[in-house]
Structure formats: C-alpha cells, structure tokens
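To keep things clear, I will list the structure first and then write my remarks on it.
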Amino acid sequence: MITVFVLLKTTTAWLRLPRKERNRIADRVLAEVLSDGKVTLRMFDAEAFTARCTDVAMFQAEDMQSFYYAIERLRDSELITTPYFEIAEIIPTIEDGFKTFEKQTH
C-alpha cells in the first residue's frame, strides 16, 4: 500500500463557481478518478494555514500503477484542464517504511 499526498491550489475560476456547482463537479470527476476501486482519497483543507496550497489530497493505492492511472484520469479532467486546480506538489510516501527496512536488513 502506498500513500501519496498531492498539494493543490484552487484557481479563481473555481472560487467564482457557486458552492453547489463546485460540489457537483467534484463529485462527478472524483467518481471517475477513483473508478477502478484500487485507489481511495481523503481531502484536507489547508488554505487557512498556508499559502503553499489550499488543499491536500491523500491518495492511498494498492500499487504505484493504480495511483498513476488515477492521476492520469485527474489530469485529463476539468478540475485540472479548466483549470480549477493546479497541482503544486506530489509527495509519495510509504507508511512506516523504516520498520520494513529494519525487518529486512537486521
């Protein structure tokens, strides 16, 4: 299992939309992004705490290829192409990776 944090920044085009429309678009697009059932997503708001990003998406996937395909679907979607969001940074992680390392090397 891998966990990838994707730092996002909203654009003014997104902020200009009524909240109901934002929710409609996000629900539709994210259902497509996660359509293979191999990737899960949790969203976190960050705009009140940093200027670096407005949102943090936490993707968890069975493997790197599943994550990659989800990101390709996201990049092709109107959330990125309009653009309503910009990807500021992608941070791949392995939960407790040091523990696995220590088990295998000691």
Residue identified as farther than 16 Å from Leu7 by Cα, open to solvent by less than 60 Å² (accessible area, probe 1.4 Å), within 12 Å of the chain's Cα centre (by Cα) and touching a residue at least 60 places away in the same chain (Cβ under 8 Å) among Ala88, Ala61: Ala61
Taking region 65-106 only, how many residues are in a helix (DSSP H, G or I), touching a strand residue (DSSP E or B) at 6+ places or on another chain (Cβ under 6 Å) and aliphatic (A, V, I, L, M)? 2
Within region 38-58, is even one residue open to solvent by less than 60 Å² (accessible area, probe 1.4 Å), part of a loop (DSSP other than H, G, I, E, B) and small (Gly, Ala, Ser)? yes
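The values are calculated or read from the model by the stated rules, or taken from the named source; none is laboratory data. Remember, predicted model here, so these are calculated numbers, not experimental data. Quick reminder, even Gly has a Cβ in these numbers, built from the backbone with ideal geometry, and neighbours come from all protein chains shown. The protein model used for the area step is the full one, side chains on, heavy atoms only, and it has no ligands, DNA or RNA in it. Shrake-Rupley method; radii C 1.70, N 1.55, O 1.52, S 1.80 Å.
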